[in-house]
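Engineer: Have a look at this one.
Each value in this text was obtained by applying a stated rule to the coordinates, not by laboratory testing. None of these values were measured; they are calculated from a predicted model. All Cβ positions, glycine included, derive from the backbone under ideal geometry; neighbour counts span all protein chains shown.
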Amino acid sequence: MKIEDVVCTFCGCLCDDLVVEVENNRVISVENGCTLANEKFMGDHRLKSPIRREGNGWKALSYDDAIRETAEILLDADRPLLYGWSGTHGEAQSVGVHLAELLGAVIDNTSTVCHGPSIMAIQEVGHPGCTLGQVKNRADVIVYWGANPIDAHPRHMSRYTTYADGFFVKEAFKERKVIVVDVRKTESSAVADEFVKVERGGDYAILSALRAIVRGKRDLIPKQVAGVTREQLFRVADICINAKFGAIFFGLGLTMSPGKYKNIRNAIELTEELNRHTKFTISPMRGHWNVYGSNEVFTWITGYPYAVDFARGIAFYNPGETTSVDILKRGECDACLVVASDPGAHFPRACAEHLARIPTVQIDPHVNATTHLATLQIPVAVTGIDAEGTAYRMDGVPIRTRKLFDGTYPSDFDILGKIYEQVKEVKGS
Ligand code: SF4
């Protein structure tokens, strides 16, 4: 059976034009997807049942036992941490937040190690963003800053920017100017009209120089700023000022480089300066397919986008204190529930070591680096393959992901709902 308009649940582009062929509850072909999508749909090797660590090995157990043990671990803990959430649908994320509130736990999502600083900057100075549809149809200048879309978001350029013809941009490849700013050459810089090679840690200085030029203070710019010549800075500023519609996309190369959230604040303020001349927007290149959704869901329910601590009985947010990496580094939490993410692969070593010391339950379809730290793992259906739910694209547009067949695995929503019910029974509220 061929299914059209399938949403790819891999990266923040959430491409919704895949054609997937399903036979005997298995995906056998994928059209329109990039290599990452093909791997997601076709190379799906899952755990068969929940597993519990016993000595140096693992023992299979039933879903009922795994759910009961998870509820007991969370109820026994004084300072539980519920981490992950960006690889599952909004409905499951919502149960997670209610579970955290019931437990008085900390709930955090993967923004904590990716675009958390971008969110902090947006909280300070706002977000002049737009949808990807607007970019495709209107933008004649694109800036990728500290991002390599060809590698991390392979269809971003073909669906929305460099190669995507739009309503007002009929021949995109000829009409659109693409600027890439990065500390090294990348596949994306190779197809750019202008590559600005910045010295490591020099982004803040470059942004400040561009702001000065846009404000008409060209005489203040020295011959070189962070490895970039004055002439190139003037050229880049002129391309931006003369754009009909410009769009900046920034990645972790800007968010996580020295200056962190101050870089993003400066980039947003550059965008504001450019809006004195023309229309310009700025957007983060969100990585996990529903990391944007985790920020949305957390914010609807608690008022805060990540790192929410319910220990006081109310939602409290203080990045640097209530963020997972800090809590784990301090050895503060005594149990962890990891949902739809892989902190074992992304967290600093000290955090991974602490996860291995405490009871850690992972809810995830696949074996990954976190499995090796976990006490218990519960496999679930994969959203977009045999489970469905709401996801938010990197531009904040909600998209309903589809279930391609009825599989045998429960969804994250089902498992979390049962854990919630058991915790609620004990907590009595
Ligand atoms: S660009 Fe991202 S969402 Fe689109 S097909 Fe590739 S992995 Fe999937």
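Engineer: How far is helix 291-302 tilted off the main Cα axis of the chain, in degrees rounded to 10, range 0 to 90?
Structural biologist: With both axes taken from Cα atoms, the answer is about 70 degrees.
Engineer: I would also like to ask the following. Mind jotting down a quarter of the surface of the convex hull over the alpha carbons of the chain, in square nanometres, one decimal?
Structural biologist: Taking the Cα atoms of the chain, their convex hull projects to 20.9 nm² on average.
Engineer: Further question on the same structure: Helix-only mean residue ellipticity at 222 nm, the chain, DSSP H runs n ≥ 4 weighted -39,500 (n - 2.57), per residue, nearest 500. What is it?
Structural biologist: The helix contribution divided over the chain gives -10500 deg cm²/dmol.
Engineer: What does the charge count around W58 come to, taking other residues whose C-beta lies under 13 Å from its C-beta (Lys +1, Arg +1, Asp -1, Glu -1)?
Structural biologist: That sum, taken over residues with Cβ under 13 Å, equals +3.
Engineer: So, one more: How far is helix 412-427 tilted, in degrees, relative to the longest principal axis of the Cα atoms in the chain, given as a value from 0 to 90 rounded to the nearest 10?
Structural biologist: 60 degrees
Engineer: Where a ≥ b ≥ c are the square roots of the eigenvalues of the C-alpha gyration tensor, would you call the stretch 252-371 rounded, which needs a/c under 1.5, or, failing that, prolate if a/b is larger than b/c, or oblate?
Structural biologist: prolate
Engineer: Same structure, new question: Please give me, ordered by residue number, the trypsin sites (Lys or Arg not before Pro) of the stretch 1-103 that lie in loop per DSSP and have at most 12 other Cβ atoms within 10 Å.
Structural biologist: K48
Engineer: By counting other Cβ atoms within 10 Å of each Cβ, how are D414, D203 ranked from fewest to most?
Structural biologist: Ordered from fewest to most neighbouring Cβ atoms within 10 Å, D414, D203 come out as D414, D203.
Engineer: Same structure, new question: Within straight cross-link reach of K48, meaning Cα distance under 14 Å, which aspartates and glutamates are found once same-chain residues fewer than 8 apart are removed?
Structural biologist: Here the aspartates and glutamates satisfying the reach criterion relative to K48 are D364.
Engineer: Sticking with this one: Can you tell me which of 382-390, 366-374 comes out highest on packing, and rank the rest after it, using the mean Cβ neighbours within 10 Å?
Structural biologist: The packing order, highest mean first, is 382-390, 366-374.
Engineer: Here is a further query. So what's the net charge close to K403: Lys and Arg +1, Asp and Glu -1, counting the other residues with Cβ under 12 Å from its Cβ?
Structural biologist: -1
Engineer: Evaluate the charge dipole of the chain about its Cα centre and quote only its size in Debye, nearest 20, assuming +1 on the Cβ of each Lys and Arg and -1 on the Cβ of each Asp and Glu.
Structural biologist: In total the dipole reaches around 1540 debye.
Engineer: Moving on to the next point. Counting only C-alpha contacts under 8 Å and six or more residues apart, can you give the relative contact order of the stretch 342-429 as a whole percent?
Structural biologist: Relative contact order for the stretch 342-429 comes out at 21 percent.
Engineer: Turning to a different aspect of this structure: Give a quick list of trypsin sites (Lys or Arg not before Pro) in the stretch 185-269 that DSSP marks as loop, anything other than H, G, I, E or B, with at most 10 other Cβ atoms within 10 Å.
Structural biologist: Answer in residue order: K223.
Engineer: I need E175, E231 ordered by Cβ neighbour count within 10 Å, fewest first.
Structural biologist: Listing E175, E231 from fewest to most nearby Cβ atoms yields E231, E175.
Engineer: Could you size up the charge dipole of the stretch 304-410 around its Cα centre, putting +1 on the beta carbon of Lys and Arg and -1 on that of Asp and Glu, and report it in debye to the nearest 20?
Structural biologist: I would put it at about 80 debye.
Engineer: Out of the DSSP beta bridges found with both residues in the stretch 160-315, what percent are antiparallel (nearest 5)?
Structural biologist: Just about 15 percent of them are antiparallel.
Engineer: Count the net charge of all other residues whose Cβ sits under 12 Å from the Cβ of S341, scoring Lys and Arg as +1 and Asp and Glu as -1.
Structural biologist: -4
Engineer: Arranged by the count of other C-beta atoms within 10 angstrom, fewest first, what order do S411, S29, S294, S62 take?
Structural biologist: So the ranking, lowest neighbour count to highest, is S62, S29, S411, S294.
Engineer: Same structure again: Between their Cα atoms, which of K136/K279; K185/K279; K136/K244; K136/K177 are more than 19 Å away from each other?
Structural biologist: K185/K279
Engineer: For q values of 0.18 Å⁻¹, compute log₁₀ I(q)/I(0) with the Debye formula on a Cα-only model of the stretch 116-284, without solvent.
Structural biologist: Debye output, listed in q order: -1.14.
Engineer: When only Cα pairs under 8 Å and 6 or more residues apart are kept, what is the percent relative contact order across the chain?
Structural biologist: 24 percent
Engineer: Using only Cα atoms, tell me the angle between helix 230-241 and the longest principal axis of the chain; keep it within 0 to 90° and round to the nearest 10.
Structural biologist: The angle comes out near 80 degrees.
Engineer: Out of F195, A267, H153, whose Cα points farthest toward the positive end of the dipole of the stretch 116-284 (charges: +1 Lys, Arg; -1 Asp, Glu; placed on Cβ)?
Structural biologist: Of the listed residues, the answer is A267.
Engineer: While we're looking at this one, here's another question. For the stretch 116-284, what does the relative contact order come out to in percent, with C-alpha contacts under 8 Å and a separation of six or more?
Structural biologist: Reported as a whole number, the value is 31 percent.
Engineer: Run down the aspartates and glutamates and flag those whose C-alpha is under 17 Å from the C-alpha of K427, throwing out any fewer than 8 positions away in its chain.
Structural biologist: Hits, sequence-local ones excluded: E69, E72, D76, D78, E101.
Engineer: Please identify the GluC sites (Glu not before Pro) of the stretch 21-60 that satisfy two criteria: DSSP loop assignment and at most 13 other Cβ atoms within 10 Å. Which are they?
Structural biologist: none
Engineer: Looking at the chain, send over the antiparallel percent of its DSSP beta bridges, to the nearest 5.
Structural biologist: 40 percent
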